[in-house]
Amino acid sequence: MPSRRYQLLRALCLLAVPAFLFPKAGSTQEPQQASCVACHRAFDGPLGDPAKRFAEDIHGAKGFGCVACHGGDARAPGLEAMAPERGFVGKPDHQQVSQFCGRCHSDAEFMKRYNPALRVDQVAEYAISVHGRRSVELGDTSVATCISCHPAHSIKPPSDPLSSVHPLNVSKTCGACHANAEYMQSYPIATDQLDKYEQSIHWQKLSVDGDLSAPTCNDCHGNHGAAPPGISWVGNVCGQCHSVMADYFAQSRHARIFTMLGVPGCATCHNNHEIVDAGDELLGLGEGAVCGRCHQPDVGSGGKPAAMRALIDSLKTQSDTAAAILLEAEHAGMEVSQAQFELVGARNALVQARAAIHSFDVDSVTRYAEDGLTVASEAFSLGEEALNELTFRRTGLAISVTIILALIVGIVLKIRELERRQPST
């Protein structure tokens, strides 16, 4: 005896048949989708929610219906439409998901009709990822699949701010698993990455400054081929953005030593998820400096961090001093725009010197610092000359005004004297 639920679903499907056979003129909705939705929208929960959400899904927007993914035969009335022999697949199991999505997304000829720029190697990448390997090789049903990051039936393009993979939302999407201590308890992985990331300069640039190019989880770990950065190549990961620093570091002695010690390059000094703004205070041997973790002032090359910090501080101080005197002269009405333009060279030298720190070579830092100090010194001298010229002009003006006033007073006195000498009538 069929269940009450079966009878209700069959009745709803039969009611939907006329709408399927005779769609409204001008309707852009696929008939099979209208047929499926007409039944499933009557339910709540897992049977109804997908049909209610799918209208906003990118696949629905492109004109795909339920049959495109789930198969079946929408021409058949009732539950026969979902018979397995008609190719119907309800909810794919965990290991089937990537191949389920890959039927389209791995077909370059098919995908170019809709989005030629979209990559078609996602399934291949997933297969070699930590997630994919654990799923296939170990049968782990807790690791992420396509629908873990791209919620089925409500998928939006990455450019949509509501998308689960929009740059502002990626960390929350990854954190849904990786920040859940209970969910991750069977894996030897920390669950504080999201909290640390949200304290980093990367998250600040992304969320506060609105810089959507700032890195989030998938920029460092990959997305479909997600994997933890290995110790030996973490510098290459950071070097995707910080290329100049990465080149300096790769040629440095520290790169070889860190590899021998088995410690990650960039992350040793800058951390990984909780990367803070790299200020000058990180350099040297004082409080808050990272060099002091390994180096002692009077041991081996321990004096180099302090020497580099002294060069950086000197250049910064001289540049700021030159900028201040030029600003004073400008506010006083003196023409110093050329000197201010030339002072940019000192600022550029400061940037280059800070980058050269990653070579851990005092001579490299010295070369840039000395160039910058020369520019800053010349700019300061021009500022002094402008202020001296201003003083000279003001002094000359004061003397001129004094002479003019004296002449006026003399003329007035002479006029009064002449008036007194005239005989009265």
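Remind me, relative contact order of the chain in percent, using alpha carbon pairs under 8 angstrom and six or more residues apart?
9
On the protein heavy atoms, probe 1.4 angstrom, tell me the percent of accessible surface of the chain carried by carbon and sulfur.
On the way: 15380 of 26420 Å².
Of the solvent-accessible surface of the chain, carbon and sulfur hold 58 percent.
Which GluC sites (Glu not before Pro) does segment 322-425 hold that lie in a coil by DSSP with at most 16 other beta carbons within 10 Å? Intermediate values should be presented prior to the final figure.
On the way: sites: 328, 330, 335, 342, 370, 378, 384, 385, 389, 417, 419; in loops: 335.
Qualifying residues, ordered by number: 335.
Rounded if a/c is under 1.5, else prolate if a/b is larger than b/c, else oblate: which is segment 109-207, with a ≥ b ≥ c the root eigenvalues of its Cα gyration tensor?
Taking the square roots of the gyration eigenvalues as a ≥ b ≥ c, segment 109-207 is oblate.
Give, in whole angstrom and from largest to smallest, the semi-axes √(5λ) of the equivalent ellipsoid of the chain, with λ running over the eigenvalues of the Cα gyration tensor.
Three semi-axes, in Å: 71, 36, 16.
If you add up the charges near residue 324, with Lys and Arg at +1 and Asp and Glu at -1, over every other residue whose beta carbon is less than 15 angstrom from its beta carbon, what do you get?
Once positives and negatives cancel, what remains is -2.
With every protein chain present, what is the per residue accessible area of the chain (1.4 Å probe, Å²)?
62
For segment 70-145, which chymotrypsin sites (Phe, Trp or Tyr not before Pro) are both in a DSSP coil and crowded by at most 15 other Cβ atoms within 10 Å?
Details: sites: 88, 100, 110, 114, 126; in loops: 88, 114.
Loop-located and lightly packed - 114.
Given the Cα-Cα distance of residue 419 and residue 183 and 0.36 nm per residue of separation, how much length would full extension add, in nm?
Roughly 74.1 nm would be gained on extension.
For a test of the definition: using alpha carbon positions, the gyration tensor, and the 1.5 limit on a/c, classify segment 278-318 as rounded, prolate or oblate.
Oblate, since a/c reaches 1.5 and b/c is not below a/b.
For segment 91-162, compute Rg over Rh where Rg is the Cα radius of gyration and Rh is the Kirkwood radius from the inverse mean 1/r over Cα pairs.
Details: Rg = 12.8 Å, Rh = 13.1 Å.
Ratio value, two decimals: 0.98.
Rounded if a/c is under 1.5, else prolate if a/b beats b/c, else oblate: with a ≥ b ≥ c from the C-alpha gyration tensor eigenvalues square-rooted, which is segment 126-181?
Taking the square roots of the gyration eigenvalues as a ≥ b ≥ c, segment 126-181 is prolate.
Using +1 at the C-beta of Lys and Arg and -1 at the C-beta of Asp and Glu, which of 400, 254, 74 has the Cα lying farthest in the positive direction of the dipole of the chain?
74
Past the 18 Å Cα-Cα mark, which pairs from 172/205; 62/91; 52/112?
62/91; 52/112
In debye, nearest 20: dipole of the chain around its Cα centre with unit charges on the Cβ of K, R (+) and D, E (-)?
Taking the Cα centre of the chain as origin, the dipole is about 1460 debye.
Roughly how far apart, in whole Å, are the Cα centres of segment 383-401 and segment 402-425?
32
How large is the helix-only mean residue ellipticity at 222 nm for the chain, computed as the sum of -39500 (n - 2.57) over DSSP H runs with n ≥ 4, divided by its residue count, in deg cm²/dmol to the nearest 500? Please list the in-between numbers first.
Values: 20 runs with 231 residues, N = 425.
Calculated at 222 nm, the ellipticity per residue is -16500 deg cm²/dmol.
For q = 0.17, 0.18, 0.21 Å⁻¹, what log10 I(q)/I(0) does segment 301-425 give under the Debye formula with an equal point scatterer on each alpha carbon and no solvent?
Relative scattering, expressed as log10 I(q)/I(0), comes to -0.85, -0.90, -1.04.
Can you check what the net charge comes to around residue 177, using other residues whose Cβ is under 14 Å from the Cβ of residue 177 (Lys, Arg +1; Asp, Glu -1)?
Once all neighbours under 14 Å are counted, the net charge is -1.
Could you state how much accessible area residue 380 has, in square angstrom rounded to the nearest 10, with a 1.4 Å probe and all protein chains kept in place?
Accessible area of residue 380: about 60 Å².
The values are calculated or read from the model by the stated rules, or taken from the named source; none is laboratory data. All values reported here derive from a predicted model rather than from experimental measurement. Backbone-built Cβ (ideal geometry, glycine too); neighbour counts: all protein chains shown. Only protein heavy atoms, including side chains, enter the accessible area calculation; ligands, DNA and RNA are left aside. Shrake-Rupley method; radii C 1.70, N 1.55, O 1.52, S 1.80 Å.
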